[in-house]
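Have a look at the structure below before the remarks.
Bear in mind these aren't lab numbers, they're just calculated from the coordinates by the rules spelled out. These figures come from a predicted structure and were not determined experimentally. In this analysis, Cβ positions are derived from the backbone assuming ideal geometry, glycine residues included, and neighbour counts consider all displayed protein chains.
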Amino acid sequence: MTKFNLVATAAMGLEAIVADELKALGYETRTENGKVYFEGEEHDIARTNLWLRVADRVKIVVGSFPARTFDQLFEGVKALPWEKIMPVDAEFPVTGKSVKSKLYSVPDCQSITKKAIVERMKKVHGRLGMLEETGPKFKIEVSILKDVATLTIDTSGAGLHKRGYRTEQGEAPLKETLAAALVYISKWTPNRPFVDPFCGSGTIALEAAMIGQNIAPGYNREFISEEWPFMKQEIWDEVRDEADQAANYDQPLQISGSDIDHRMVEIAKRNALEAGFGELIDFKQMQVLDFTTHAEDGVMIGNPPYGERIGEVEAIEQMISDIGHMMKAYPTWSVYMLSSMENFEELYGRRATKKRKLFNGFIRTDYYQFWGRKSQKK
């Protein structure tokens, strides 16, 4: 087994949740902006790809070094042990980014990185001429921040938000990773009722169901590293077996979602069917103010419209005010709303118990948390 330096990347504001996920899986972590570092072997690469709900990707950190000149970049890349990870026929596209660094030309940095890896591989393997690149793909990134270059290889392939259940989506879909984070922050447990009154294509409700039954989010998808020679098939079989054993498919769930748009409700139903929750989640067309329940200690999580079109803001402000008024009738329910409206608390008619800054794509939002009081149930 080989020991790798690994990094789970995350959207801004979600690093702490990814670190908690990794700790729960038994790893020691170190967190930076958008990144959570940990160590692991081949089995850990497969396991974290399968289980991380909130991370964007899992990458191998090949190395890091100062790079203020193109020569330093070339020599630094060439000194790294690429042959220990990639076969000689590997296909290895290089992407790049540069922030606050002397080497600001990303195309040049990518080209130099590629040349340096080719030189290293040719020398190690005693090859002349071109490398064939007919083998498995290794997606390499050269990232230069404040004149320090970090070279990584992506083990995930498609972003980890792609769970494999989304058949269709609406205009502004919430990423599955962010939806999972919203559920985590609420500390919802599967013995409590759960409602999303702005369900759209059903993402928040589906992520809650997966959390509720402890289903690994990557169970039904493939990863780029499955094609790599050192990531043997038995490793993947083993982690998928472990995930299957860990799932609690018999856990009853009280999850429902509604939306004013009947087309979105139909998409949500199809997505639920694809995810294996067709019978477990109740989706229906309904406006939020028609919500009624006899249940107590429930959790409502929603991502209401942000009002980006002219004339929409007033209607949304009124709706938020109406929800605040409506939920007074359900004092044991906790309400969690993701919104870009800075006056949300004023409109809702109550100070949030807590709020957390999060980014929905490039939109800065706050996650407003209104905790309910515990019921007097014996």
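Numbers at a glance
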| item | result |
| --- | --- |
| Amide hydrogen neighbours beyond the local backbone of L145, cut-off 5 Å, H modeled | V99, T150 |
| Largest-first principal axis extents of the Cα set of region 1-54 (Å) | 33, 18, 15 |
| Loop-located trypsin sites (Lys or Arg not before Pro) in region 312-367 whose Cβ has at most 12 other Cβ within 10 Å (DSSP) | R351 |
| Ellipticity estimate at 222 nm from DSSP helix runs (n ≥ 4, -39,500 (n - 2.57)) divided over the chain, nearest 500 | -9500 deg cm²/dmol |
| Among beta bridges that DSSP assigns inside the chain, antiparallel share in %, nearest 5 | 65 percent |
| Over region 4-154, relative contact order from alpha-carbon pairs under 8 Å, at least 6 apart, % | 26 percent |
| Percent RCO, i.e. relative contact order, over the chain, from Cα pairs under 8 Å lying at least 6 residues apart | 14 percent |
| Long-range HN-HN contacts of K139 with modeled amide H, under 5 Å | D154 |
| Highest-first arrangement of 226-236, 5-15, where packing means the average Cβ count within 10 Å | 5-15, 226-236 |
| Interchain or long-range residues, amide H under 5 Å from L358's placed H | T365, D366, Y367 |
| Alpha carbon convex hull of region 4-154, volume per residue in cubic angstrom | 107 Å³ |
| If the convex hull is drawn through the Cα atoms of region 243-363, its volume per residue in Å³ | 160 Å³ |
| Average Cα contact separation per residue, region 65-130, under 8 Å, 6 or more apart, as relative contact order % | 41 percent |
| Per residue convex hull volume, Cα atoms of the chain, in Å³ | 160 Å³ |
| Acute angle (nearest 10 degrees) that the helix 42-51 long axis makes with the longest principal axis of the chain, alpha-carbon atoms | 20 degrees |
| Per-residue ³J(HN,Hα) for region 268-278, Karplus 6.51 cos²θ - 1.76 cosθ + 1.60, θ = phi - 60°, Hz, x for Gly and Pro | 4, 5, 5, 5, 5, 4, 4, 7, x, 10, x |
| Selected from I185, A149, T167, residue furthest toward positive end of dipole (the chain; charges at beta carbon) | A149 |
| Cα-based helix-to-principal-axis angle, 233-246 vs the chain, degrees rounded to 10 | 20 degrees |
| Note, ³J(HN,Hα) from phi for region 249-258, Karplus 6.51, -1.76, 1.60, rounded to Hz, x at Gly and Pro | 5, 8, 5, x, 10, 10, 10, 9, x, 9 |
